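Single-structure report; data block below.
The values are calculated or read from the model by the stated rules, or taken from the named source; none is laboratory data. Here the structure is a predicted model, which is why all the values come from computation and not from measurement. Because the Cβ atoms are built from the backbone with ideal geometry, glycine has one as well, and the counts that use them run over all protein chains shown. SASA here: full protein model, heavy atoms, side chains in, ligands and nucleic acids out. Shrake-Rupley method; radii C 1.70, N 1.55, O 1.52, S 1.80 Å.
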Amino acid sequence: MSNFEQFHFDFYQSNYTIDDQEEGCNSYGSDKNLCESRKSQTEKQPAAGAFVPSDMLLSPQSYTGQILQPACSPGTLSQFGYADGFDEEPPLLEELGINFEHIWQKTLTVLNPMKPADGSIMNETDLTGPMVFCLALGATLLMAGKVHFGYVYGMSAIGCLAMHALLNLMSASGVSHGCVASVLGYCLLPMVILSSSAVLFSLQGIPGTVLALFIIGWCSLSASKIFTSALAMEGQQLLIAYPCALLYGLFALLTVF
Amino acid sequence: EEDGEFLGMKGLRGQLGRQVADQMWQVGKRQASRAFSLYANIDILRPYFDVEPVQVRARLLESMIPVKMINFPQKIAGELYGPLMLVFTLVAILLHGMKTSDTIIREGTLMGTAIGTCFGYWLGVSSFMYFLAYLCNAQITMVQMLSLLGYGLFGHCITLFVTYNIHFHSLFYIFWLVVGGLSTLRMVAVLVSRTVGHTQRLILCGTLAALHMLFLLYLHFAYHKVVEGILDTLEGPNMPPFQRVARDIPVVSNAVLNTTAKAIALT
């Protein structure tokens with residue numbers, strides 16, 4: 001890992017380093033130690049916030065000589081970057097910002113609505129989990145014989161816009177589109193359970209209606225729990241749960257009929 | 001001349017034209033963004049969404065209880081969260097009713113129709129009533145009108161929720177009169193308390209009562225057509241039993257027989 005840090009410090013001597021490291025800090029909160037050590041390294045750089053042209057003047061001087069020399073020492077070999085640094089590059093998932101541990105944590109939070117949620121889990125906007133759950137919902141609907149991918153995505157998008165407007169009006173601190181989309185997407189998971197049960201038996205009847213109502217309650221309870229803990233709106237959980245219930249009720253209508 | 005000579009300098013007309021167009025675009029963009037930030041500022045609506053669940057529940061129950069005090073202006077909660085949620089609930093109930101009765105909307109979608117109907121009623125009738133209130137010199141603001149009419153939809157939601165699932169015409173009429181009537185009376189009492197003069201009170205309250213009750217009637221009959229078919233078969237004892245009568249149209253059957261014979265003879 002120290003070799004990796006050294007590689008970054010030496011090779012990227014431009015703004016790109018700082019931005020890359022800042023993004024890294026925002027993406028995974030669990031790697032805080034790594035981020036802090038990286039940040040201290042950037043502060044040591046004299047031209048940390050300098051414009052790109054001046055940095056570009058420095059960087060050719062530092063490595064151009066090494067590129068022209070065919071025989072290189074093993075220490076500087078790593079500074080060639082992409083030709084030989086395939087092992088040194090960050091893994092693809094880390095670059096894309098997909099952190100399976102966090103996705104799993106958030107999924108568990110959704111699946112257990114009675115457990116109090118941590119307000120900081122929604123600080124990072126993660127849309128991978130929601131996309132997977134929307135696709136899973138579409139796929140399970142497909143298995144039940146309904147091709148409704150467009151409806152799922154359309155209703156998700158419009159629902160996110162509406163919830164974003166409502167939450168911005170109701171909360172003291174604002175909320176971003178990504179955060180709302182992320183929360184609503186994660187809380188769609190119980191709906192996937194409902195649509196997969198629709199494959200096995202028809203939901204148009206009393207047991208189907210009861211199950212649909214239960215799943216709607218589960219989804220909206222999870223979503224409102226996460227929203228109230230993230231936006232510090234304790235007394236208004238029911239007021240947020242109701243619009244979420246209406247939105248998930250639409251998904252349930254899509255699944256049942 | 002053809003090659004754009006203006007004041008002796010070639011190409012200046014084109015350049016001047018471009019500069020003028022550029023300037024006009026910049027000014028227009030600046031004005032549009034200023035107007036947008038002024039009117040589309042969602043923060044204007046922020047105070048109307050500051051409510052507690054207890055308050056919403058109390059206002060929902062109060063919307064069904066007419067208050068007889070008409071000599072002093074009654075208090076109206078200027079709040080938009082409850083009415084907005086009630087409109088969305090009405091949309092959901094309409095959608096559910098349309099889905100269970102397999103209603104087919106030919107030009108449009110189910111969702112679009114439901115949203116258009118409910119929001120159109122809420123916003124349209126509120127604006128119309130506000131205009132009438134302005135003409136009749138009533139003391140009511142637009143937000144108060146929206147709030148009053150929105151909470152009045154609570155009766156509609158209850159009625160439709162019950163009667164879309166339990167299909168009896170007489171039950172619907174009872175609900176229409178009792179529940180619809182109570183919420184209408186509540187709104188009428190509020191308006192009467194805020195208007196001076198008999199003619200004005202009559203105009204305002206008559207219009208509101210008519211629109212409110214007719215809307216409920218429309219929602220029931222327009223979006224749940226299957227109800228009619230089911231009820232006709234359910235009213236068994238009063239109707240004569242279905243009789244099978246042989247279709248006997250001799251003229252037509254002879255003509256068909258002759259043409260068929262001719263057709264077979266030809267082949």
So in region B:159-179, with the set limited to residues that are closer than 18 Å to B:Ile93 by Cα and open to solvent by 60 Å² or more (accessible area, probe 1.4 Å), which one is nearest to the chain's Cα centre (by Cα)? B:Phe161
Does B:Arg46 count as part of a helix (DSSP H, G or I) and either more than 10 Å from chain A (Cβ to nearest Cβ) or open to solvent by less than 40 Å² (accessible area, probe 1.4 Å) (or both)? no
B:Gly197 is checked against (1) on the phi > 0 side of the Ramachandran plot; (2) under 16 Å from the mean Cα position of the chain (by Cα) and fails just one. What number does that condition carry? (2)
Among the residues listed as A:Ile158, A:Ile216, the single one being buried (at least 18 other Cβ atoms within 10 Å of the Cβ), outside any loop (DSSP other than H, G, I, E, B), more than 18 Å from the chain's Cα centre (by Cα) and not aromatic (Phe, Trp, Tyr): A:Ile216
Considering (1) closer than 30 Å to B:Tyr48 by Cα; (2) away from chain B (no Cβ under 14 Å), say which one A:Gly159 fails and leave the rest. (2)
Of the residues in region A:219-257, those that are over 30 Å from A:Lys146 (Cα atoms), open to solvent by 30 Å² or more (accessible area, probe 1.4 Å) and within 13 Å of chain B (Cβ to nearest Cβ) number 4
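For A:Leu189, are the conditions met, namely being out of contact with any Pro (no Cβ under 9 Å at 6 or more places or on another chain) and away from chain B (no Cβ under 12 Å)? Reasoning before the result, please.
Working: out of contact with any Pro (no Cβ under 9 Å at 6 or more places or on another chain): yes; away from chain B (no Cβ under 12 Å): yes.
Yes.
Does B:Lys75 satisfy being without any contact (Cβ under 8 Å) to a residue 40 or more places away in the chain, of a type in the set (Lys, Arg) and closer than 26 Å to A:Leu253 by Cβ?
Working: without any contact (Cβ under 8 Å) to a residue 40 or more places away in the chain: yes; of a type in the set (Lys, Arg): yes; closer than 26 Å to A:Leu253 by Cβ: no.
Criteria not met by B:Lys75.
Residue check: is B:Pro53 in contact with a Leu (Cβ under 6 Å, 6 or more places away or on another chain) and at pLDDT below 95?
Working: in contact with a Leu (Cβ under 6 Å, 6 or more places away or on another chain): yes; at pLDDT below 95: yes.
So B:Pro53 passes the test.
May I ask you to verify whether B:Phe154 is assigned to a helix (DSSP H, G or I), under 30 Å from B:Lys75 (Cβ atoms), in the same structural domain as B:Phe119 (by the TED database) and modelled with pLDDT under 95?
Details: assigned to a helix (DSSP H, G or I): yes; under 30 Å from B:Lys75 (Cβ atoms): yes; in the same structural domain as B:Phe119 (by the TED database): yes; modelled with pLDDT under 95: no.
Taking the combined requirement at face value, the residue does not satisfy it.
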Of all residues being open to solvent by 10 Å² or more (accessible area, probe 1.4 Å) and more than 7 Å from chain A (Cβ to nearest Cβ) in region B:92-104, which is farthest from B:Ile166 (Cα to Cα)? Just the residue, please. B:Ile104
Of the residues that sit in region B:50-70 and are closer than 22 Å to B:Val178 by Cβ and within 12 Å of chain A (Cβ to nearest Cβ), which one is least open to solvent (accessible area, probe 1.4 Å)? B:Leu60
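Of the residues B:Lys29, B:Lys68, only one is at negative phi and not in a helix (DSSP H, G or I); which? If you could, list the steps in order and put the result at the bottom.
Working: B:Lys29 fails: not in a helix (DSSP H, G or I).
Sole residue among the options that is at negative phi and not in a helix (DSSP H, G or I): B:Lys68.
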Matching residues in region A:187-212 (touching a residue at least 24 places away in the same chain (Cβ under 8 Å) and open to solvent by 50 Å² or more (accessible area, probe 1.4 Å)) number 3
Can you list residue pairs whose Cβ atoms sit under 8 Å apart, with the first residue in region A:165-185 being without any contact (Cβ under 8 Å) to a residue 60 or more places away in the chain and within 12 Å of another protein chain (Cβ to nearest Cβ) and the second being surrounded by fewer than 20 Cβ atoms within 10 Å (Cβ to Cβ) and among the aliphatic types (A, V, I, L, M)? Count only pairs 6 or more apart in sequence or on different chains. A:Ala165/B:Ile42; A:Asn168/A:Val175; A:Asn168/B:Ile42; A:Leu169/B:Ile42; A:Leu169/B:Leu45
Of (1) in contact with a helix residue (DSSP H, G or I) (Cβ under 6 Å, 6 or more places away or on another chain); (2) within 22 Å of A:Pro243 (Cβ to Cβ); (3) part of a helix (DSSP H, G or I), A:Thr125 satisfies all except one. Which? (3)
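Is it true that A:Ser202 is within 26 Å of A:Met131 (Cβ to Cβ) and of a type in the set (Ser, Thr, Tyr)?
Values: within 26 Å of A:Met131 (Cβ to Cβ): no; of a type in the set (Ser, Thr, Tyr): yes.
The answer is no for A:Ser202.
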So, A:Gly145, is that one free of Cβ contacts under 8 Å to residues at least 40 places away in the same chain and within 14 Å of chain B (Cβ to nearest Cβ) or not? no
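Out of B:Leu177, B:Leu171, B:Leu182, report the one residue that is in contact (Cβ under 8 Å) with a residue 40 or more places away in the chain and in a helix (DSSP H, G or I). Break it down into steps so the answer makes sense when it comes.
Details: B:Leu177 fails: in contact (Cβ under 8 Å) with a residue 40 or more places away in the chain; B:Leu171 fails: in contact (Cβ under 8 Å) with a residue 40 or more places away in the chain.
Going through B:Leu177, B:Leu171, B:Leu182 in turn, the sole match is B:Leu182.
Please tell me if B:Val87 is touching a Gly at 6+ places or on another chain (Cβ under 7 Å), within 30 Å of A:Glu234 (Cα to Cα) and within 14 Å of chain A (Cβ to nearest Cβ). Give the derivation first.
On the way: touching a Gly at 6+ places or on another chain (Cβ under 7 Å): yes; within 30 Å of A:Glu234 (Cα to Cα): yes; within 14 Å of chain A (Cβ to nearest Cβ): yes.
So B:Val87 fits the description; yes.
I'm trying to understand the selection: among the residues of region B:185-209, which are part of a loop (DSSP other than H, G, I, E, B) and either without any contact (Cβ under 8 Å) to a residue 40 or more places away in the chain or β-branched (Val, Ile, Thr) (or both)? Let's see the steps before the verdict.
Here is the first cut: in region B:185-209, the residues part of a loop (DSSP other than H, G, I, E, B) are B:194-197.
Correct list: B:Thr195, B:Val196.
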